[in-house]
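Notes to accompany the following structure.
The values are calculated or read from the model by the stated rules, or taken from the named source; none is laboratory data. Just so it is clear, the model here is predicted, and its values are computed rather than measured. Note that each Cβ is placed from the backbone with ideal geometry, even for glycine, and that neighbours are counted across all protein chains shown. Just the protein is used for accessible areas: all its heavy atoms, side chains included, with ligands, DNA and RNA removed. Shrake-Rupley method; radii C 1.70, N 1.55, O 1.52, S 1.80 Å.
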Amino acid sequence: MMQKFFSLQHDPEDLGITFAADDFEPASLQDREDFYAKAPSVSYWKDAWRRLKSNKVAMVSLVFLIFVVIFAFLGPLFVKGDYTTQFRGDENLFPCLQYPFGTDKLGRNILTRVMYGTRVSLIVGIFASLIVLVIGSIYGAVSGYLGGKVDSIMMRILDLIYSVPDVLVVILISIAINKPLKDWVNNSGSQFAKKIGVLGPALISIFIVFGLLYWVGMARIIRGQVLMLKEQEFITAVRALGGSKKRIIKRHIFPNCIGQIIVMTAMQIPSAIFLESFLSFLGIGVSAPMTSLGAMAADALGGIYSYAYRLVIPSILLSLIFFSLNLFSDGLRDALDPRLKK
């Protein structure tokens, strides 16, 4: 067949090509194994991890974030007392061997409070981003897949939500649920109510606002991906085989959007941490004696000239967390985007 093709186009001898009978024999099993050994198959996730590891900035940021998580969640196990413990006679101490970050005016260890404050900030960022992930991905997938008038109506709802000032809503919700929350915590003797009372109405309102407002960006990104994917041939084949809309979204649309979902979720974490720190700095965040990095920075303003380290330490840590999360998110986006594959 190959010889016939060349005879129709060119003379093989003119091209300097000669064929033997062995050239047309089927490849042996060993030949096939050698071929696959030279070109090993690499899964999507393995290839993404390989590209992420090659990004030194992203890997350094990841190592720092792992260190911060260990510092916040395991660090309190190795220090004396908790964030409320007061060491009488050790008030207003500068950083020393016994207190590496010093103490505040009440004799509380700033190192311990920084650990708990970092924990609160990370928990707020992670749980708020998960709320955005669930609501935004479902809303965007349904809107993009159904299309037509349904998509237009759902997008107008997004435009309306996008115009609502988020900080104002947080303040209003915090004021509205303050008294009912305190009454419920005081009247209920459950451990869950006590933990909710420690968080305070401001943090709960932050979670509510993220569930009401902050998923808009995620929904728009997922909608755009779904609009592109639903016109692909494999989706048409699933429809022809009788696949339901729910199954198509769950088994075929979502898995192909997982890269964008992970990146958007990672980018949402610093946004949530910033909102919590900003509100805590204004005094409407975590309820005392619980603390966060923003609340610690606000408490340090009273002695900024005499005890500047109280402001510098939480501010630097908060800035490094923001910086690392954004750099890691950028590296994650580059690793998971197949269009950037070399």
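Mind ranking 155-161, 115-121 by how tightly packed they are, going by the mean number of other C-beta atoms within 10 angstrom, highest first?
115-121, 155-161
With respect to the cross-link table entries LYS149/LYS246; LYS80/LYS182; LYS53/LYS250; LYS53/LYS230; LYS53/LYS245, which display a Cα-Cα separation exceeding 27 Å?
LYS80/LYS182; LYS53/LYS250; LYS53/LYS230; LYS53/LYS245
What accessible surface, in Å², does a 1.4 Å probe find on PHE101, ignoring ligands, DNA and RNA and rounding to the nearest 10?
Surface accessible to solvent at PHE101 totals approximately 60 Å².
Which value, in debye to the nearest 20, gives the size of the charge dipole of region 50-204 about its Cα centre, when Lys and Arg are +1 and Asp and Glu are -1 at the Cβ?
Value, rounded to 20: 400 debye.
What is the distance, in nm, between label points placed 7 Å from the Cα along the Cα-to-Cβ direction at ARG88 and at LEU106?
1.6
Post the alpha-carbon centroid distance, region 231-297 to region 83-125, in whole angstrom.
Region 231-297 and region 83-125 have Cα centres spaced 33 Å from each other.
What shape does region 246-341 take by its C-alpha gyration tensor, where a ≥ b ≥ c are the square roots of the eigenvalues and a/c under 1.5 counts as rounded, a/b above b/c as prolate, and the rest as oblate? Before the final figure, lay out each step's value.
Details: a/c = 5.91, a/b = 2.32, b/c = 2.54.
Because a/c hits 1.5 or more and a/b fails to exceed b/c, region 246-341 counts as oblate.
Name the residue farthest towards the positive end of the dipole of region 133-281 from the options SER190, SER163, PHE234, assuming +1 on Cβ of Lys and Arg, -1 on Cβ of Asp and Glu, about the Cα centre.
Of SER190, SER163, PHE234, it is PHE234.
How large is the charge dipole for region 245-342, taken about the Cα centre, if only the Cβ atoms of Lys, Arg (+1) and Asp, Glu (-1) carry charge, to the nearest 20 debye?
Numbers: 10 positive and 5 negative charges, 194 e Å.
Dipole size: approximately 940 debye.
Percent of accessible area on region 103-176 owned by carbon and sulfur, 1.4 Å probe?
77
Is region 82-164 rounded, prolate or oblate when judged by the Cα gyration tensor, a ≥ b ≥ c being the square roots of its eigenvalues, rounded requiring a/c under 1.5 and prolate requiring a/b larger than b/c?
Note, shape of region 82-164 comes out prolate.
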